[in-house]
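Peer 1: Pasting a structure below so you can have a look.
The values are calculated or read from the model by the stated rules, or taken from the named source; none is laboratory data. The shown structure was predicted, so the numbers you read here are calculated from the model rather than taken from an experiment. Reconstructed Cβ throughout: ideal geometry from the backbone, glycine too, with neighbour counts over all protein chains shown. Heads up: the accessible areas ignore ligands, DNA and RNA and are worked out on the full protein's heavy atoms, side chains in. Shrake-Rupley method; radii C 1.70, N 1.55, O 1.52, S 1.80 Å.
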Amino acid sequence: MLRAAFNRLVGMLTVMILVVTIVFVIVRVTPGDPAAVMLGPEATAQDVEDLRQRLGLDGSLIEQFGVYVAGIARGDLGQSIFLGQSVGTALWQRAEPTFFLTIFSLLIAVVIALPVGIASAYWRGSLFDQTMTTLAMLAASVPSFWLGLLLIQSFAVGLGWFPTSGYGGPGTTLFERLHHLVLPAVTLGVVSSALIMRFTRASMLDVLNDDYVRTARSKGMTEWRVVLKHALKNALIPILTVIGLTAALLISGAIVTETVFGLPGVGNLIVSAVLRRDYPVIQGALLIVAGLYVLVNFLIDMLYLLVDPRVRY
């Protein structure tokens with residue numbers, strides 16, 4: 001396991017180096033000048049150039065990249081051009097809504113998808129299976145922003161059970177803040193559950209007819225024990241894979257949902273930074289998101305070794 005962890009860590013480092021380079025290049029080739037955006041349309045060319053020098057945007061790409069990498073090596077993601085604070089502080093202040101939204105959405109997706117996927121595989125071809133498969137395809141096709149607006153109209157505006165937007169004021173309790181996340185979490189969870197459900201069903205179908213399952217049944221084991229203990233255990237590898245991918249996708253998928261529900265999270269911060277051409281914030285946020293994505297995949301790889309000792313890297 002230690003050798004596998006070391007190999008994966010080397011791979012993670014390689015991926016992050018590529019991410020740092022790609023993010024820097026993509027942000028710099030995007031049209032728009034943050035100095036011109038800050039000063040407005042009435043600013044003179046000299047004013048824009050002076051501000052570019054103060055912001056360190058007048059150097060060559062290689063010089064800017066060197067400063068950027070040196071900052072990352074020190075743990076410094078830079079200073080936001082518009083917020084007047086460090087990128088790390090800006091991300092940390094907005095991390096809570098995104099963190100809870102991702103966790104709750106993943107829990108909802110797993111709670112929906114695992115039982116439904118197992119039952120659909122067990123009763124393959126039944127009316128239940130066909131109905132759930134159809135609903136899963138429908139959920140996978142529904143845009144998250146449309147579902148979010150529909151939930152707002154139905155449960156926030158119509159019934160008044162949940163707030164329409166926001167995350168509560170500074171004095172609100174954690175429970176009240178989590179109450180604001182119910183509709184966004186349901187939005188992301190329902191959409192994400194479709195993929196997990198389909199992979200769970202397919203993986204269970206692959207093992208339900210194997211010899212060891214028939215042997216377990218012939219020994220007189222109860223059906224639920226055969227399905228959950230023997231079949232599900234051996235079907236976990238692809239299921240863990242898709243759950244890990246879903247968790248990583250939820251981190252980036254929260255951008256649209258946070259915008260729809262007006263959540264002051266990292267996703268909303270990224271959208272604002274893109275509109276303002278706030279290079280340091282864009283780079284820092286994308287770097288953190290990519291790092292979390294790589295970390296989730298690393299943890300899933302390590303879980304493989306615990307779930308199935310036969311796995312070798």
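Peer 1: Taking the structure as given and computing Cα extents along the principal axes in Å, which label from (i) 84, 56, 34; (ii) 56, 43, 33; (iii) 54, 42, 42 fits?
Peer 2: Comparing each candidate, only (i) matches the computed number.
Peer 1: A further question on this structure: Once each part is reduced to its C-alpha centroid, what is the distance from region 119-155 to region 194-240 in angstrom?
Peer 2: So the two Cα centres are separated by 23 Å.
Peer 1: Does anyone have the angle between helix 279-307 and the longest principal axis of the chain? Alpha-carbon axes, 0 to 90°, nearest 10?
Peer 2: Approximately 20 degrees, to the nearest ten.
Peer 1: OK, next. Carbon-plus-sulfur fraction of the accessible area of region 212-289, 1.4 Å probe, in percent?
Peer 2: Accessible surface attributable to carbon and sulfur in region 212-289 totals 68 percent.
Peer 1: Report the FRET efficiency, 1/(1 + (r/R0)^6), for residue 176 and residue 215, where r is their Cβ-Cβ distance and R0 is 51 Å, rounded to 0.05.
Peer 2: 0.45
Peer 1: A follow-up question, please. Please work out the ratio of the alpha-carbon Rg of region 121-182 to 2.2 N^0.38 Å and round it to two decimals.
Peer 2: Normalised Rg, Cα atoms only: 1.62.
Peer 1: For the chain, give the magnitude of the charge dipole about the Cα centre (Cβ charges: +1 Lys/Arg, -1 Asp/Glu; no others), in debye to the nearest 20.
Peer 2: With only Lys, Arg, Asp and Glu charged at Cβ, the dipole is about 1400 debye.
Peer 1: Now, a different point. Where does region 46-155 land on the Kirkwood hydrodynamic radius, alpha-carbon pairs, in angstrom?
Peer 2: Here the Kirkwood hydrodynamic radius works out to 19.2 Å.
Peer 1: Helix 95-122: angle to the longest alpha-carbon principal axis of the chain, degrees 0 to 90, nearest 10?
Peer 2: 20
Peer 1: Going by Cα centres, region 158-177 and region 58-99 are how many Å apart?
Peer 2: First find each Cα centre; the distance between them is then 31 Å.
Peer 1: Right, here's the next one. Pick from 149, 61, 114: which is most flexible by mean-square fluctuation in a GNM of the chain where alpha carbon atoms under 10 Å apart are linked?
Peer 2: Per the Cα network of the chain with a 10 Å cutoff, 61 tops the list.
Peer 1: Let me ask something else about it. Compute the Rg/Rh shape ratio of region 58-119: radius of gyration over Kirkwood radius, all on alpha-carbon atoms.
Peer 2: A ratio of 1.30.
Peer 1: Let me ask something else. Short version: ³J(HN,Hα) in whole Hz for each residue of region 216-223, in order, from phi by Karplus 6.51 cos²θ - 1.76 cosθ + 1.60 (θ = phi - 60°), x for Gly and Pro, what are they?
Peer 2: 4, 5, 5, 7, x, 5, 5, 5
Peer 1: Right, something else. What 222 nm value per residue comes from the helices of the chain, counting each DSSP H run with n ≥ 4 as -39,500 (n - 2.57) and dividing by all residues, nearest 500 deg cm²/dmol?
Peer 2: Taking each H run of at least 4 residues, the total per residue is -23500 deg cm²/dmol.
Peer 1: Given H placed 1.01 Å from N in the peptide plane, which residues other than close sequence neighbours of residue 263 have an amide H under 5 Å from its amide H?
Peer 2: 166
Peer 1: Given contacts defined as C-alpha pairs under 8 Å and at least six residues apart, what's the relative contact order of region 133-208, whole-number percent?
Peer 2: Over region 133-208, the number comes to 42 percent.
Peer 1: Once you have the Cα-Cα distance between residue 72 and residue 233, take 0.36 nm times their residue separation minus that, and quote the gain in nm to one decimal.
Peer 2: 53.8 nm
Peer 1: For the chain, build the charge dipole from Cβ charges (+1 Lys, Arg; -1 Asp, Glu) around the Cα centre, then report which of 104, 53, 183 sits farthest towards its positive end.
Peer 2: So the residue we want is 104.
Peer 1: Distance in nm between label sites at residue 206 and residue 153, each 7 Å beyond Cα in the beta-carbon direction?
Peer 2: Going from the residue 206 label point to the residue 153 one covers 4.1 nm.
Peer 1: Per residue, how much accessible area does the chain have with a 1.4 Å probe, in Å²?
Peer 2: Value for the chain: 54 Å² per residue.
Peer 1: Taking H placed 1.01 Å from N in the peptide plane, check which residues at least 5 places from residue 79 or on another chain put their amide H under 5 Å from its amide H.
Peer 2: Those qualifying (amide H under 5 Å, at least 5 residues apart or on another chain) are 87.
Peer 1: State, as an integer percentage, the relative contact order of the chain based on alpha-carbon contacts under 8 Å between residues 6 or more apart.
Peer 2: 28
Peer 1: OK, next. Which of 245, 138, 215 sits closest to the plus end of the dipole of the chain, meaning its Cα is farthest towards the positive end, when Lys and Arg get +1 and Asp and Glu get -1 on the C-beta?
Peer 2: So the residue furthest toward the plus end is 215.
Peer 1: By how many degrees, between 0 and 90 and to the nearest 10, does the Cα long axis of helix 182-208 differ from the longest principal axis of the chain?
Peer 2: Between helix and principal axis, roughly 40 degrees.
Peer 1: Just the Kirkwood number for region 198-304, please: inverse of mean 1/r across all distinct Cα pairs, in Å, one decimal.
Peer 2: For region 198-304, inverting the mean 1/r across all distinct Cα pairs yields 16.7 Å.
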